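The structure appears below as structure tokens.
Quick note: the coordinates plus some simple rules give every number you see, no bench work behind them. What you are looking at is a predicted structure, and each value in this text was computed from that prediction instead of being measured. We place every Cβ from the backbone using ideal geometry, glycine too, and count neighbours over all the protein chains shown.
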Amino acid sequence: MTIALHYCHLTVDDVDEALSFYRDALGLEVRDDVPAGEFRWVTLGSPDQPDVALVLSEPHAGRSQADGDALRELLVKGVLPMVIFRTDDLDATFERVRSSGAEVLQEPIDQPWGPRDCAFRDPSGTMVRISQEPGGSQVKRR
């Protein structure tokens, strides 16, 4: 028996605004853009990981009013879990994301637990960390 991560959902205030960060700044490709009434779900992923995708949606998409309101409140507070990406060239990735106008939380530094990493805030306030393994190891391809 095997098990692998396939989708990870990320709640955002505005899907189009989030696309400018995840697609344009980080370089993920849009795989699906599924409308559902007044909402939509956009699936993005890296060509290096064809079986793993990030799904962007607004707090009320597919949820009750009360649940959407509660999720929006957590999003506004900035307490939803962070997202961590891995790259084989942290400095170049940092410069590309910074040049997009994204809010820098931490410039690239070597962490005592191993990786070199940096951090940004996406347009909805979620912390996005980007790391590179010691020695600049490559992102594993399938």
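3J(HN,Hα) along region 43-54, derived from phi through the Karplus expression 6.51 cos²θ - 1.76 cosθ + 1.60 where θ = phi - 60°, amounts to 9, 10, x, 8, x, 6, 9, x, 9, 10, 9, 9 Hz, with x in place of Gly and Pro. Could you tell me what % of all Cα pairs in region 7-136 have separations over 24 Å? Result for the distance tail: 30 percent. Under 5 Å from the amide H of Arg40 lie the amide H atoms of Glu58, each residue being 5 or more positions distant or on a separate chain, with H modelled from the backbone and absent for Pro and chain starts. Our coupling estimate for region 78-92, obtained by passing each phi through the Karplus curve with A = 6.51, B = -1.76, C = 1.60 and θ = phi - 60°, is x, 10, 6, x, 6, 10, 10, 10, 10, 9, 9, 9, 4, 5, 5 Hz, Gly and Pro reported as x. Can you classify region 1-70 as rounded, prolate or oblate using the Cα gyration tensor, where a ≥ b ≥ c are the square roots of its eigenvalues, rounded means a/c under 1.5, and otherwise it's prolate if a/b beats b/c and oblate if not? It is oblate, given that a/c is not under 1.5 and a/b is not larger than b/c. Comparing Thr43, Thr87, Gln111 along the charge dipole axis of region 7-136, the residue lying farthest to the positive side is Gln111, per the Cβ-charge model. Scalar couplings 3J(HN,Hα) for region 61-73, obtained by applying the Karplus form with A = 6.51, B = -1.76, C = 1.60 to θ = phi - 60°, are 5, x, 10, 5, 4, 5, 5, x, 4, 5, 5, 4, 4 Hz; x denotes Gly and Pro. Select from Ser99, Gly68, Leu10 the residue farthest towards the positive end of the dipole of the chain; place +1 on Cβ of Lys and Arg, -1 on Cβ of Asp and Glu, and compute about the Cα centre. Farthest towards the positive end: Leu10.
Amide H contacts for Asp33 (H built 1.01 Å from N in the peptide plane; partners 5 or more residues away or on another chain; cut-off under 5 Å): Thr43.
When +1 charges are put on Lys and Arg Cβ atoms and -1 charges on Asp and Glu Cβ atoms, the dipole computed for the chain relative to its Cα centre reaches about 400 debye. How high is the relative contact order of region 7-136, in percent, with contacts defined as C-alpha pairs under 8 Å that are six or more residues apart? Result for region 7-136 is 24 percent.
A Förster radius of 35 Å combined with the Cβ-Cβ distance from Asp110 to Asp32 puts the calculated FRET efficiency at roughly 0.40. Subtracting the Cα-Cα distance of Asp14 and Glu133 from 0.36 nm times their residue separation leaves 39.7 nm of extension gain.
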